[in-house]
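**Student:** What follows is a structure written as structure tokens; I'll ask about it next.
The values are calculated or read from the model by the stated rules, or taken from the named source; none is laboratory data. Every value quoted in this text rests on a predicted model; they were computed, and no experiment measured them. Backbone-built Cβ (ideal geometry, glycine too); neighbour counts: all protein chains shown. We work out accessible area using only protein heavy atoms, side chains counted, and drop any ligands, DNA or RNA first. Shrake-Rupley method; radii C 1.70, N 1.55, O 1.52, S 1.80 Å.
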Amino acid sequence: MTEAYRITVEPLGTEIECRADQPILDACLRAGIWLPHACTHGTCGTCKAEVLDGEVDFGAASSFALMDFERDEGKALLCVATPRSDVTIDGDVEVEEGITMHPVSDFTGTVVELSDIAEETRRLILDLDHDIAFNPGQYVSIQVPGSGQTRTYSMANTPAEPGRLELHIRRTPGGLASDGWIFKNLAAGDQVALSGPYGRFFFHASRPEPMIMVAGGTGLAPIKSIVRHVLAESGQHVTLYVGARTVRHLYDEEFFRELQGRHPDRFVYRPCLSEQEADGYASGMVTDVLEAGLATAAGCVAYVCGPPPMVDATLKTLMRKRLFPRDIFREDFFDARDKAAGGVRSPLLKR
Ligand SMILES: Cc1cc2nc3c(=O)[nH]c(=O)nc-3n(C[C@H](O)[C@H](O)[C@H](O)COP(=O)(O)OP(=O)(O)OC[C@H]3O[C@@H](n4cnc5c(N)ncnc54)[C@H](O)[C@@H]3O)c2cc1C
Ligand code: FES
């Protein structure tokens, strides 16, 4: 059996157990201690914390997200750091009023559907062995068979559908999980090991302003969960901008057009094509469309998700349109290449 150590989380003073091969963040989230995190793969730096006492293995932390001098100062990325002794950390424990954070646990999913929905994009539907409680916008971590590695995918289903996950997956050429497994030999009936829920990109009921939602590619997955949840459970107005290269790269268009038909006063769907001109679609990158068509974003709250360069560019545009960092929630779909090269997060933006 793997050795376990005691982790003391300050300023709570709470003590939990963590296996020697388990990331400290994982042990905390499973014990119901909510600590800030985003990518859970050592890329973004959101989970950086001070180790007040004890020894850790820094794990696969990107040298961009955790600089050498920060290691020397006793900082670690808790999503990849494992304990080598009993450890005390300064936890930056986050509690947001009105939000219930659900502990992480393990699940087995059975593939019930795997379908091509757009160019290089698949929908994966998994039936879970037991229900998952989560906040709309959060993600799960899937074990890639035979690799000892995990990959993260956002849930497009809502918390009202806790037993069946809907994931949208884009093929990354040369990618371990997408190219090497999900687009290759994964099939209906297969079992998938996963854990969740993770992430701090979720609907904030404490922000009742009109919502600007911006999705690039499969960044639509968590946005779809939030949009459906808000239209069913809350009274806000939602404008959804979806960026794609051509019509062939867009998916769930009929779904969102139908949703707009059902909620004409509350929901606007704006698909934007960057490499094709067509009736019924805005032309240009999402940022061009926002720049030209949105007089001001003042008084709104924004949720942005997709590839990191698109997220960063959108945030800059929204800030030019009078939003502040505190008004913008973001999810960057970092992958192994981003980790090796360093993310593109603007230091202005903490979320
Ligand atoms: C919070 C979060 C949520 C996400 N949700 C989704 C989602 O809902 N849908 C979705 O499609 N994606 C999502 N992603 C991205 C997803 O987790 C994977 O990163 C993506 O699917 C690629 O995984 P992969 O294993 O196929 O590719 P990887 O194996 O990660 O490889 C990615 C690319 O990097 C290259 N590469 C690998 N190693 C290196 C290296 N050392 N140096 C340089 N290049 C390298 C590979 O050749 C490939 O081109 C999310 C990411 C995050 C962080
Ligand atoms: S959550 Fe740990 S580095 Fe991103």
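**Student:** Right, THR152: surrounded by 14 or more Cβ atoms within 10 Å (Cβ to Cβ), of a type in the set (Val, Ile, Thr) and not in a loop (DSSP other than H, G, I, E, B) or not? Explain how you work it out, then say what you get.
**Tutor:** On the way: surrounded by 14 or more Cβ atoms within 10 Å (Cβ to Cβ): yes; of a type in the set (Val, Ile, Thr): yes; not in a loop (DSSP other than H, G, I, E, B): yes.
So THR152 passes the test.
**Student:** I would also like to ask the following. So LYS75 fits all but one of (1) at negative phi; (2) free of Cβ contacts under 8 Å to residues at least 40 places away in the same chain; (3) over 26 Å from the mean Cα position of the chain (by Cα); what number is the exception?
**Tutor:** Answer for LYS75: the failing condition is (3).
**Student:** Further, regarding this structure: Give me the residue from the stretch 155-185 that is within 14 Å of the chain's Cα centre (by Cα) and in a loop (DSSP other than H, G, I, E, B) and, out of that set, farthest from ligand 2 (Cβ to nearest atom).
**Tutor:** Filtering the stretch 155-185 for residues that are within 14 Å of the chain's Cα centre (by Cα) and in a loop (DSSP other than H, G, I, E, B), the one farthest from ligand 2 (Cβ to nearest atom) comes out as ASN157.
**Student:** LEU259 - would you say it is hydrophobic (A, V, I, L, M, F, W, C), assigned to a helix (DSSP H, G or I), in contact with an Asp or Glu (Cβ under 8 Å, 6 or more places away or on another chain) and crowded, with 17+ Cβ neighbours inside 10 Å? Walk me through how you get there before you give the answer.
**Tutor:** Details: hydrophobic (A, V, I, L, M, F, W, C): yes; assigned to a helix (DSSP H, G or I): yes; in contact with an Asp or Glu (Cβ under 8 Å, 6 or more places away or on another chain): no; crowded, with 17+ Cβ neighbours inside 10 Å: yes.
The answer is no for LEU259.
**Student:** Can you pull out every residue in the stretch 50-61 that is under 21 Å from the mean Cα position of the chain (by Cα) and surrounded by 22 or more Cβ atoms within 10 Å (Cβ to Cβ)?
**Tutor:** ALA61
**Student:** May I ask you to list the residues in the stretch 155-179 that are near ligand 1 (Cβ under 8 Å from one of its atoms) and open to solvent by 40 Å² or more (accessible area, probe 1.4 Å)?
**Tutor:** Matches in the stretch 155-179: ARG170, ARG171, THR172, PRO173, GLY174, LEU176, ASP179.
**Student:** I'd like to check something: does the stretch 220-234 contain any residue that is open to solvent by 20 Å² or more (accessible area, probe 1.4 Å) and either outside the structural domain of PRO309 (by the TED database) or on the phi > 0 side of the Ramachandran plot (or both)? Let's see the steps before the verdict.
**Tutor:** Just the residues of the stretch 220-234 that are open to solvent by 20 Å² or more (accessible area, probe 1.4 Å), to begin with: 228-229, 232-234.
From what is left, the residues that are either outside the structural domain of PRO309 (by the TED database) or on the phi > 0 side of the Ramachandran plot (or both) are none.
No, the stretch 220-234 has no match at all.
**Student:** Out of ALA302, ALA278, ALA313, which single residue is part of a loop (DSSP other than H, G, I, E, B) and touching a residue at least 24 places away in the same chain (Cβ under 8 Å)? Steps first, answer last, please.
**Tutor:** Numbers: ALA302 fails: part of a loop (DSSP other than H, G, I, E, B); ALA313 fails: part of a loop (DSSP other than H, G, I, E, B).
It is ALA278.
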